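**Student:** There's a structure below that I have some questions on.
The values are calculated or read from the model by the stated rules, or taken from the named source; none is laboratory data. All values reported here derive from a predicted model rather than from experimental measurement. Please note: Cβ atoms are built from the backbone with ideal geometry, for glycine as well, and neighbour counts cover all protein chains shown.
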Amino acid sequence: MIKLWQLKNLSTNEALNEPQKLPENWGPIFGMAGIQDRLGDLSWLGEAYSNQGWVIVGEAPADPVPSTAAELAWDRAKKLLQESDWSVLSDVPMTSGDKALWIEYRRSLREIRLQSGFPSKILWPVAPA
């Protein structure tokens with residue numbers, strides 16, 4: 001089972017979004033180990049978040065394991081996209097040239113299924129250094 005989290009107003013218990021799974025890579029994205037321990041009260045993010053927190057509201061069945069080569073390949077591409085989400089945030093300090101490399105890398109991942117050999121022969125893009 002997978003925990004479902006929901007962002008809530010802590011004083012009114014009002015739901016601010018739909019229940020969802022949290023990304024597994026939140027810690028590395030924010031450069032913080034154990035971030036899930038700090039999600040119940042977001043006041044550390046500043047005044048705008050002083051009354052908000054993520055709360056576990058239930059569980060959902062684990063995602064089914066992909067069974068075909070195409071599903072496995074697309075899942076790998078989605079995981080690589082998720083791991084590189086940080087690269088397209090507006091406040092990430094990098095040159096426009098580096099940003100362009102990351103954008104191209106991510107475009108290549110999104111178009112992986114368009115390759116003529118997919119899914120048996122895939123030319124995987126390499127993440128920029």
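**Student:** Answer with yes or no whether ALA73 is at pLDDT 90 or above and either out of contact with any Ser or Thr (no Cβ under 6 Å at 6 or more places or on another chain) or among the charged types (D, E, K, R) (or both).
**Tutor:** Yes; evaluated as a whole, the condition is true for this residue.
**Student:** Can you name the residue in the stretch 34-84 that is touching a residue at least 60 places away in the same chain (Cβ under 8 Å) and not hydrophobic (A, V, I, L, M, F, W, C) and, of all such residues, is farthest from VAL126 (Cα to Cα)?
**Tutor:** Ranking the qualifying residues of the stretch 34-84, first place goes to PRO61.
**Student:** Determine whether SER96 is out of contact with any Gly (no Cβ under 6 Å at 6 or more places or on another chain), small (Gly, Ala, Ser), modelled with pLDDT of 90 or more and surrounded by 15 or more Cβ atoms within 10 Å (Cβ to Cβ).
**Tutor:** no
**Student:** Of the residues ASP41, ASP63, which single one is acidic (Asp, Glu), at pLDDT below 95 and loosely packed, with under 10 Cβ neighbours inside 10 Å?
**Tutor:** Just one listed residue meets the conditions, ASP63.
**Student:** Specify the residue that is nearest to the chain's Cα centre (by Cα); the eligible residues are those in the stretch 100-125 that are within 15 Å of ASP85 (Cα to Cα) and exposed (fewer than 13 other Cβ atoms within 10 Å of the Cβ).
**Tutor:** Only one residue tops the list, namely ARG110.
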